[in-house]
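Structure first, then comments.
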Amino acid sequence: MLRFHKTPPVLPWLFPKVWWRRPVPDKTIFLTFDDGPIPGVTPFVLEQLAAYGAKATFFCVGENLERHPAIARQILAQGHLLANHTHQHVKAWKMAPEQYLAQADRCQAALERVGATGKKLFRPPHGQLTRSHLRILSAKYQVVMWSSLTYDFDATLRPEACLRKALTVTKPGAIVVMHDSLKAERNLRYVLPRLLRHFSALGYAFKTL
Ligand SMILES: [Zn+2]
(Lines give C-alpha, C1' and ligand atoms only; values in the text may rest on other atoms or scores of the structure.)
Protein backbone atom coordinates (compact mmCIF):
# COMPACT_ATOMS: atom_id res chain seq x y z
CA MET A 1 0.00 0.00 0.00
CA LEU A 2 1.22 3.47 -0.86
CA ARG A 3 1.45 5.71 2.15
CA PHE A 4 1.32 9.48 1.78
CA HIS A 5 2.47 10.74 5.14
CA LYS A 6 2.48 14.36 4.10
CA THR A 7 0.04 14.62 1.26
CA PRO A 8 -3.64 13.64 1.46
CA PRO A 9 -5.35 12.01 -1.55
CA VAL A 10 -6.51 15.36 -2.94
CA LEU A 11 -3.89 17.99 -3.44
CA PRO A 12 -3.61 21.48 -1.93
CA TRP A 13 -3.18 23.29 -5.26
CA LEU A 14 -6.43 21.74 -6.55
CA PHE A 15 -8.39 22.78 -3.47
CA PRO A 16 -7.08 26.15 -2.22
CA LYS A 17 -10.21 26.89 -0.13
CA VAL A 18 -9.50 23.90 2.07
CA TRP A 19 -7.41 24.21 5.25
CA TRP A 20 -4.29 22.04 4.95
CA ARG A 21 -2.33 23.77 7.73
CA ARG A 22 -2.81 27.08 9.57
CA PRO A 23 -0.58 30.13 9.46
CA VAL A 24 0.85 30.61 12.97
CA PRO A 25 3.34 33.14 14.32
CA ASP A 26 4.60 30.72 16.97
CA LYS A 27 5.08 27.07 17.88
CA THR A 28 1.48 25.89 17.60
CA ILE A 29 0.23 22.47 16.51
CA PHE A 30 -3.36 21.52 15.75
CA LEU A 31 -4.14 17.98 16.85
CA THR A 32 -7.28 16.47 15.37
CA PHE A 33 -9.03 13.19 16.18
CA ASP A 34 -11.37 11.54 13.68
CA ASP A 35 -14.16 8.94 13.88
CA GLY A 36 -15.21 9.13 17.57
CA PRO A 37 -16.54 9.52 20.11
CA ILE A 38 -15.81 5.95 21.28
CA PRO A 39 -15.91 4.70 24.91
CA GLY A 40 -12.48 3.74 26.25
CA VAL A 41 -10.62 5.48 23.43
CA THR A 42 -11.91 9.08 23.46
CA PRO A 43 -11.67 9.28 27.30
CA PHE A 44 -8.02 8.14 27.00
CA VAL A 45 -7.37 10.97 24.50
CA LEU A 46 -9.03 13.49 26.85
CA GLU A 47 -6.87 12.36 29.79
CA GLN A 48 -3.69 12.68 27.75
CA LEU A 49 -4.62 16.14 26.44
CA ALA A 50 -5.52 17.34 29.95
CA ALA A 51 -2.16 16.18 31.30
CA TYR A 52 -0.41 18.59 28.89
CA GLY A 53 -2.97 21.43 28.92
CA ALA A 54 -3.50 20.64 25.23
CA LYS A 55 -6.62 21.50 23.23
CA ALA A 56 -7.71 19.63 20.12
CA THR A 57 -10.42 19.31 17.48
CA PHE A 58 -12.58 16.17 17.26
CA PHE A 59 -14.11 15.35 13.86
CA CYS A 60 -17.02 13.19 14.99
CA VAL A 61 -19.20 10.70 13.16
CA GLY A 62 -22.88 11.62 13.71
CA GLU A 63 -23.92 8.06 14.57
CA ASN A 64 -21.23 7.89 17.24
CA LEU A 65 -22.41 11.22 18.67
CA GLU A 66 -25.91 9.78 18.97
CA ARG A 67 -24.61 6.62 20.66
CA HIS A 68 -22.27 8.42 23.04
CA PRO A 69 -23.55 11.96 23.70
CA ALA A 70 -22.08 12.07 27.22
CA ILE A 71 -18.54 11.66 25.84
CA ALA A 72 -19.20 14.40 23.29
CA ARG A 73 -20.34 16.76 26.07
CA GLN A 74 -17.20 15.89 28.02
CA ILE A 75 -15.07 16.86 24.99
CA LEU A 76 -16.77 20.28 24.92
CA ALA A 77 -16.61 20.73 28.70
CA GLN A 78 -12.83 20.28 28.54
CA GLY A 79 -12.47 23.16 26.06
CA HIS A 80 -12.00 21.18 22.86
CA LEU A 81 -13.79 21.73 19.57
CA LEU A 82 -16.35 19.36 18.06
CA ALA A 83 -16.45 19.14 14.26
CA ASN A 84 -18.19 17.27 11.46
CA HIS A 85 -17.10 13.98 9.80
CA THR A 86 -20.47 13.04 8.17
CA HIS A 87 -23.27 11.09 9.83
CA GLN A 88 -22.19 7.59 8.73
CA HIS A 89 -18.57 8.02 7.64
CA VAL A 90 -19.48 7.99 3.96
CA LYS A 91 -17.19 8.26 0.93
CA ALA A 92 -17.65 11.31 -1.30
CA TRP A 93 -16.60 9.46 -4.44
CA LYS A 94 -19.58 7.10 -4.02
CA MET A 95 -22.22 9.74 -3.38
CA ALA A 96 -23.87 12.64 -5.21
CA PRO A 97 -22.94 16.06 -3.78
CA GLU A 98 -26.50 16.76 -2.54
CA GLN A 99 -26.68 13.43 -0.69
CA TYR A 100 -23.24 14.04 0.75
CA LEU A 101 -24.28 17.47 2.01
CA ALA A 102 -27.30 15.84 3.67
CA GLN A 103 -24.86 13.53 5.51
CA ALA A 104 -22.90 16.55 6.72
CA ASP A 105 -26.07 18.38 7.77
CA ARG A 106 -27.30 15.34 9.70
CA CYS A 107 -24.00 15.16 11.58
CA GLN A 108 -24.18 18.91 12.22
CA ALA A 109 -27.63 18.51 13.79
CA ALA A 110 -26.21 15.78 16.08
CA LEU A 111 -23.31 18.10 16.99
CA GLU A 112 -25.72 20.89 17.88
CA ARG A 113 -27.84 18.53 20.01
CA VAL A 114 -24.83 17.87 22.26
CA GLY A 115 -24.14 21.60 22.53
CA ALA A 116 -21.66 22.42 19.76
CA THR A 117 -21.87 26.03 18.57
CA GLY A 118 -19.70 28.39 16.55
CA LYS A 119 -17.35 27.30 13.78
CA LYS A 120 -18.65 24.66 11.39
CA LEU A 121 -15.63 22.61 10.40
CA PHE A 122 -15.93 19.56 8.17
CA ARG A 123 -13.44 16.83 7.29
CA PRO A 124 -14.32 14.35 4.52
CA PRO A 125 -13.88 10.68 5.51
CA HIS A 126 -10.85 9.11 3.78
CA GLY A 127 -9.89 12.60 2.56
CA GLN A 128 -12.19 12.03 -0.42
CA LEU A 129 -13.51 15.11 -2.15
CA THR A 130 -14.33 16.36 -5.64
CA ARG A 131 -14.70 19.95 -6.81
CA SER A 132 -18.49 19.66 -6.92
CA HIS A 133 -18.63 18.20 -3.39
CA LEU A 134 -16.39 21.01 -2.18
CA ARG A 135 -18.48 23.68 -3.88
CA ILE A 136 -21.70 22.55 -2.20
CA LEU A 137 -20.04 22.01 1.22
CA SER A 138 -18.17 25.32 1.25
CA ALA A 139 -21.41 27.32 1.35
CA LYS A 140 -21.99 26.03 4.89
CA TYR A 141 -18.75 24.54 6.16
CA GLN A 142 -15.03 25.18 6.31
CA VAL A 143 -13.44 22.03 4.90
CA VAL A 144 -10.33 20.88 6.78
CA MET A 145 -7.78 18.33 5.56
CA TRP A 146 -4.37 17.86 7.19
CA SER A 147 -0.63 18.24 6.82
CA SER A 148 0.47 15.29 9.02
CA LEU A 149 -1.04 11.85 8.88
CA THR A 150 0.17 9.44 11.58
CA TYR A 151 -1.42 6.33 10.02
CA ASP A 152 -2.40 5.26 13.53
CA PHE A 153 -5.34 3.35 11.99
CA ASP A 154 -3.01 1.04 10.06
CA ALA A 155 -2.60 -2.05 12.27
CA THR A 156 0.24 -3.34 10.08
CA LEU A 157 2.34 -0.31 11.02
CA ARG A 158 4.37 -0.70 14.22
CA PRO A 159 3.66 1.98 16.86
CA GLU A 160 7.33 3.04 16.86
CA ALA A 161 7.24 3.66 13.10
CA CYS A 162 3.99 5.53 13.46
CA LEU A 163 5.51 7.84 16.09
CA ARG A 164 8.71 8.40 14.11
CA LYS A 165 6.73 9.55 11.09
CA ALA A 166 4.46 11.76 13.17
CA LEU A 167 7.46 13.52 14.75
CA THR A 168 9.18 14.02 11.39
CA VAL A 169 6.29 15.61 9.50
CA THR A 170 4.91 17.81 12.28
CA LYS A 171 5.96 21.47 12.00
CA PRO A 172 4.52 24.79 13.35
CA GLY A 173 0.99 25.25 12.02
CA ALA A 174 0.63 21.53 11.25
CA ILE A 175 -2.79 19.90 11.29
CA VAL A 176 -2.14 16.40 12.63
CA VAL A 177 -4.64 13.56 12.14
CA MET A 178 -5.15 10.78 14.65
CA HIS A 179 -8.16 8.57 15.25
CA ASP A 180 -10.13 7.95 18.44
CA SER A 181 -11.28 4.62 17.02
CA LEU A 182 -10.89 0.97 18.05
CA LYS A 183 -8.84 0.27 14.93
CA ALA A 184 -6.29 2.95 15.82
CA GLU A 185 -6.30 2.35 19.57
CA ARG A 186 -3.06 0.35 19.83
CA ASN A 187 -1.00 2.88 17.86
CA LEU A 188 -2.79 5.86 19.39
CA ARG A 189 -2.03 4.73 22.96
CA TYR A 190 1.66 4.60 22.04
CA VAL A 191 1.94 7.68 19.82
CA LEU A 192 -0.22 10.32 21.54
CA PRO A 193 1.52 10.56 24.95
CA ARG A 194 4.94 10.55 23.30
CA LEU A 195 3.99 13.15 20.72
CA LEU A 196 2.57 15.42 23.45
CA ARG A 197 5.69 14.98 25.58
CA HIS A 198 8.08 15.55 22.65
CA PHE A 199 6.51 18.79 21.38
CA SER A 200 5.72 20.17 24.86
CA ALA A 201 9.41 19.83 25.74
CA LEU A 202 10.23 21.84 22.59
CA GLY A 203 7.90 24.65 23.75
CA TYR A 204 4.93 23.94 21.45
CA ALA A 205 1.30 24.66 22.33
CA PHE A 206 -1.61 22.52 21.14
CA LYS A 207 -4.72 24.48 20.13
CA THR A 208 -8.16 23.98 18.61
CA LEU A 209 -8.58 24.93 14.94
ZN1 LIG B 1 -12.66 9.01 9.32
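Please find, within region 65-86, the residue that is nearest to the ligand (Cβ to nearest atom) out of those that are surrounded by 15 or more Cβ atoms within 10 Å (Cβ to Cβ) and of a type in the set (Gly, Ala, Ser).
Ala83
Can you find, within region 169-190, the residue that is most open to solvent (accessible area, probe 1.4 Å) among those that are under 24 Å from Val24 (Cα atoms) and away from the ligand (no atom under 13 Å from the Cβ)?
Here the residue is Lys171.
Counting only residues that are under 19 Å from the mean Cα position of the chain (by Cα) and more than 10 Å from Pro124 (Cα to Cα), which one in region 87-102 is least open to solvent (accessible area, probe 1.4 Å)?
His87
Suppose we filter region 124-145 for residues that are within 16 Å of the ligand (Cβ to nearest atom) and of a type in the set (Lys, Arg); how many remain?
The qualifying residues number 0.
For residues that are closer than 14 Å to Ala174 by Cα and within 16 Å of the ligand (Cβ to nearest atom), scanning just region 22-39, find the one that is surrounded by the fewest Cβ atoms within 10 Å (Cβ to Cβ).
Thr32
Is it true that Ser148 is within 16 Å of the ligand (Cβ to nearest atom) and touching a helix residue (DSSP H, G or I) at 6+ places or on another chain (Cβ under 8 Å)?
Against the criterion (within 16 Å of the ligand (Cβ to nearest atom) and touching a helix residue (DSSP H, G or I) at 6+ places or on another chain (Cβ under 8 Å)), Ser148 qualifies.
The values are calculated or read from the model by the stated rules, or taken from the named source; none is laboratory data. Because the structure is predicted, anything quoted here is derived from the model rather than measured. Backbone-built Cβ (ideal geometry, glycine too); neighbour counts: all protein chains shown. What goes into the accessible areas is simple: the full protein's heavy atoms, side chains included, and nothing from ligands, DNA or RNA. Shrake-Rupley method; radii C 1.70, N 1.55, O 1.52, S 1.80 Å.
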